[in-house]
Amino acid sequence: MDNHFFHLVKYSPWPLLIALNLINSITSVTSFILTSSSLMCFFFFFISVLIMIQWWRDVMRESLYEGFRSLKINYMIGYGMIFFIISEICLFGSFFWMYFYYSLSPDMETGSIWPPFKVTQMSFMDIPLLNTMVLLMSGFFITWAHYDLTMNSFKNSSISLVISILLGIYFLMIQGYEYVNSSISFNDSVFGNSFFILTGFHGLHVMIGLIFLIVMMVQLIEKKFSLMNLNGFEYSIWYWHFVDIIWLCLYLTVYWWGM
């Protein structure tokens, strides 16, 4: 018997593998920018998804079957999730800082105006507004799914969670449609760089959030949640609302104020 409340995890290959794969992913993104070839980006993203599934599987086994999750450990994992979201806020904060820096003091290369000269402006009342409503509705349904789960209504919770996931997928489809039909590209001065970096990184986080929600949906269908064990589900909700808030900031700054 241990004389402490900590859980000393077993040796795992997943941290090293995900770190190496992230390095490859960054390299593939650089290759995509230079050559417009997205094959390696999708390949390494698929590998990341596989690693995440295996890692989450081991974490769930530790919690559900091996009994390594005490109340104090769950609190510590919750703090870890909070610090992770704070680090993501810092990441997007640096991107927004870049956007405000160049938009508030445009240089000669952009015609000393923002958006740059001859860049077709996007209407914030068009596709961006639709995307905003879709993502906010997805956040509403994920919150409703949590409420149903606390009421022990697994069926209604599953329905709400599925609707939230479908709305998230629809958001990505609309974002892809906007990219395909956009009049600007990544190479259109710093305006195109900042626009696609902000919206692209947000889209990547939406994909990660969707994977998180799909894993939780599988757990919910298999009835591995109870009123005393909703931590993973609540963490996915935190992350999804973080994605919502980042999109609201992005919509207000890039689409409404910036255009």
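The values are calculated or read from the model by the stated rules, or taken from the named source; none is laboratory data. Quick caveat, the model's predicted, so the values are computed rather than measured. Positions of Cβ are backbone-derived with ideal geometry, glycine not excepted, and every protein chain shown enters the neighbour counts. Remember, those area values only see protein heavy atoms, side chains included, never the ligands or the DNA or RNA. Shrake-Rupley method; radii C 1.70, N 1.55, O 1.52, S 1.80 Å.
Need the C-alpha centroid separation for the stretch 182-259 versus the stretch 122-156, integer Å.
A separation of 12 Å, based on Cα centres.
For F100 and Y147, compute 0.36 nm times the residue count separating them, minus their Cα-Cα distance, and round to one decimal in nm.
Extending this stretch completely gives an extra 13.1 nm.
Can you compute the modelled spin-label distance between F46 and K223, with each label point 7 Å from Cα toward Cβ, in nm?
Between F46 and K223, the simple spin-label model gives 3.6 nm.
In deg cm²/dmol and to the nearest 500, what is the mean residue ellipticity at 222 nm of the chain if only DSSP H runs of at least 4 residues count, each as -39500 (n - 2.57), divided by the residue total? Let's see the in-between values first.
Values: 7 runs with 186 residues, N = 259.
Result for the chain: -25500 deg cm²/dmol, rounded to the nearest 500.
Between rounded, prolate and oblate, where does the stretch 162-209 land on the alpha carbon gyration tensor, with a ≥ b ≥ c its root eigenvalues, rounded for a/c under 1.5, else prolate if a/b exceeds b/c? The partial results should precede the final answer.
Details: a/c = 4.83, a/b = 1.99, b/c = 2.43.
Oblate, since a/c reaches 1.5 and b/c is not below a/b.
To test your reading of the geometry: what angle, between 0 and 90 degrees and rounded to tens, separates the Cα axis of helix 127-150 from the longest principal axis of the chain?
10 degrees
Could you rank F42, F196, F100 by how accessible they are, 1.4 Å probe, largest area first?
Ranking F42, F196, F100 by accessible area, largest first, yields F42, F100, F196.
Run the reach check for K224 against lysines, Cα to Cα strictly under 17 Å, same-chain hits fewer than 8 apart removed. What comes back?
Straight-distance partners of K224: K155.
Please identify the longest segment of the chain free of exposed GluC sites (Glu not before Pro), where exposed means a DSSP state other than H, G, I, E or B and no more than 16 other Cβ atoms within 10 Å.
Of all site-free stretches, the longest is 67-221.
Taking only protein heavy atoms and a 1.4 Å probe, what accessible area per residue, in Å², does the stretch 69-255 have with all protein chains in place?
Per-residue accessible area for the stretch 69-255 comes out at 52 Å².
Would you mind calculating the gained length between F83 and S37 on full extension (0.36 nm times residue separation, minus the Cα-Cα distance), in nm to one decimal? Could the numbers behind the result be given before it?
Values: separation 46, 0.36 × 46 = 16.56 nm, distance 3.46 nm.
Residue separation times 0.36 nm, minus the Cα-Cα distance, leaves 13.1 nm.
Where the only charges are on Cβ atoms (+1 Lys, Arg; -1 Asp, Glu), what is the dipole of the chain about its Cα centre, to the nearest 20 debye?
Details: 9 positive and 14 negative charges, 115 e Å.
So the dipole magnitude of the chain works out to roughly 560 debye.
Scattering from the C-alpha atoms of the chain alone, worked out with Debye: what is log10 I(q)/I(0) at q = 0.07, 0.14, 0.16 1/Å?
Each listed q maps to, in turn, -0.30, -1.07, -1.31.
Along each principal axis of its Cα atoms, how long is the stretch 69-207 end to end? Whole angstroms, biggest number first, please.
So the three principal-axis extents are 60, 32, 19 Å.
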